[in-house]
Amino acid sequence: MSDIVFELSGFTFHHGELKVLDDISLCVQRGEKVALLGASGAGKSTLLMQLYQQQPQQCALQPQSGALVDLLSVYHNIFMGGLERVGNLAALWNLVRPLPAAKADIRAIARQLGLEDKLWQSVDRLSGGQRQRVALGRALYRRQPVFLGDEPVSAVDPLQASALLAHALAQHETAVVSLHNRHLALEHFDRVILLRAGKIERDCAAAEISSEQLDALYRQDESVREANPPQTGTDGWVIRTS
C-alpha cells in the first residue's frame, strides 16, 4: 500500500478568469500533519477541496462554512458524519428516536467538545464557536483516517482552540488544516505550507520556520494587497460545500 495520501503535480485551477491555484506541486504522506497558511484569498480553501476530491472516502472534512443544518439538533448534525455506516431506514428512524449506540457515542464526542448540555438544541441557537465545535464533532464521527479542516477552530478562544485542535489531530492519522493562527501551526503540526496568491511560497518542516518569519511573510502579503487591491468579487473567494 502506498504511503502517499495526496499528490498534485503542476496543478492549476481557475474560477472563471481568476487563477486561484497556480502550478501547485505537493505530496502528503500518511502520518503527516500539515498546516496550510496564507492570507485570505491565497487559495487555501480551494487547495483543501482539491485534496478532498482525491480521497473523499478516507477524509473527514470540516469546511469553513460548517455546512450545518440549522433546524436540526447538535446530536443530529454530528450524526450526519456517520450516515454512510447506517442504512436509510435506520437514519430515518434516528430522526425520531436516536439509535442507542449512536446516542452514546455522540454524547461522548459532545462531552469532549464541551457541547453535552447543548446536545438537543437546534444549531441555529448556538454561538459561532459552538457551531464550529458541532462541525468538528461531525468530522470526528466520520471516523476516517484523514482530517481536512478549513479554519476549524477560528471562532473559539486561543486556549480552547489549541486543545480542540490537539484532540482532532490525535484522532486522525493524517491531517491537512488551513489556519490563520501561526502559533497553532507551529505548535501542533510537523509541516507548514505557506500559500501566496495561489502559489506555494514555502513548504518546510515546522521546526525550520519561526513565528517571526511567518509574521514577516504575512506583513509582506498585507503590503502587496494594499498596493494592489483585488478586483471586486474576487477577494477571499473560496469553494463552499453544503
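The values are calculated or read from the model by the stated rules, or taken from the named source; none is laboratory data. The shown structure was predicted, so the numbers you read here are calculated from the model rather than taken from an experiment. Neighbour counts run over all protein chains shown; Cβ positions are idealised from the backbone, glycine included.
Numbers at a glance
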quantity	calculated
Flag if residue 62 is closer than 30 Å to residue 211 by Cβ, within 16 Å of the chain's Cα centre (by Cα) and not small (Gly, Ala, Ser)	yes
Number of positions in the stretch 147-157 that are buried (at least 24 other Cβ atoms within 10 Å of the Cβ) and aliphatic (A, V, I, L, M)	2
Neighbours by Cβ (under 6 Å, 6+ apart or cross-chain): first from the stretch 116-135, within 17 Å of residue 105 (Cα to Cα); second in a helix (DSSP H, G or I) and among the polar types (S, T, N, Q)	134/77
Yes/no for residue 75 being part of a helix (DSSP H, G or I), of a type outside the set (A, V, I, L, M) and under 20 Å from residue 175 (Cβ atoms)	no
Checking residue 88 against (1) loosely packed, with under 14 Cβ neighbours inside 10 Å; (2) more than 17 Å from residue 200 (Cβ to Cβ); (3) in contact (Cβ under 8 Å) with a residue 12 or more places away in the chain, the condition it does not meet	(3)
Candidate set from the stretch 78-116 (those that are over 23 Å from residue 130 (Cα atoms) and outside any helix (DSSP H, G or I)); member that is nearest to the chain's Cα centre (by Cα)	86
The stretch 148-162 residues that are modelled with pLDDT under 95, paired with ones that are part of a strand (DSSP E or B) and buried (at least 17 other Cβ atoms within 10 Å of the Cβ) (beta carbon under 9 Å, 6 or more apart)	none
Any hit, the stretch 36-57, residues being of a type in the set (Val, Ile, Thr), in contact with a Gly (Cβ under 7 Å, 6 or more places away or on another chain) and over 16 Å from residue 5 (Cβ atoms)	no
Residue 28 vs. criteria among the β-branched types (Val, Ile, Thr) and either closer than 19 Å to residue 174 by Cα or free of Cβ contacts under 8 Å to residues at least 40 places away in the same chain (or both)	yes
Residue count, the stretch 12-48 (criterion: surrounded by fewer than 15 Cβ atoms within 10 Å (Cβ to Cβ), more than 22 Å from residue 152 (Cβ to Cβ) and in contact with a strand residue (DSSP E or B) (Cβ under 9 Å, 6 or more places away or on another chain))	5
Odd one out for residue 124, checked against (1) assigned to a helix (DSSP H, G or I); (2) within 30 Å of residue 202 (Cα to Cα)	(2)
Verdict on residue 160 being out of contact with any Pro (no Cβ under 9 Å at 6 or more places or on another chain), in a helix (DSSP H, G or I) and surrounded by 16 or more Cβ atoms within 10 Å (Cβ to Cβ)	no
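Conditions tested, residue by residue: (1) free of Cβ contacts under 8 Å to residues at least 40 places away in the same chain; (2) closer than 27 Å to residue 130 by Cβ; (3) of a type outside the set (D, E, K, R).
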{"site": "171", "(1), (2), (3)": "yes, yes, yes"}
{"site": "175", "(1), (2), (3)": "no, yes, yes"}
{"site": "188", "(1), (2), (3)": "no, yes, yes"}
{"site": "200", "(1), (2), (3)": "no, no, yes"}
{"site": "204", "(1), (2), (3)": "yes, no, yes"}
{"site": "207", "(1), (2), (3)": "yes, no, yes"}
{"site": "214", "(1), (2), (3)": "no, no, yes"}
{"site": "217", "(1), (2), (3)": "yes, no, yes"}
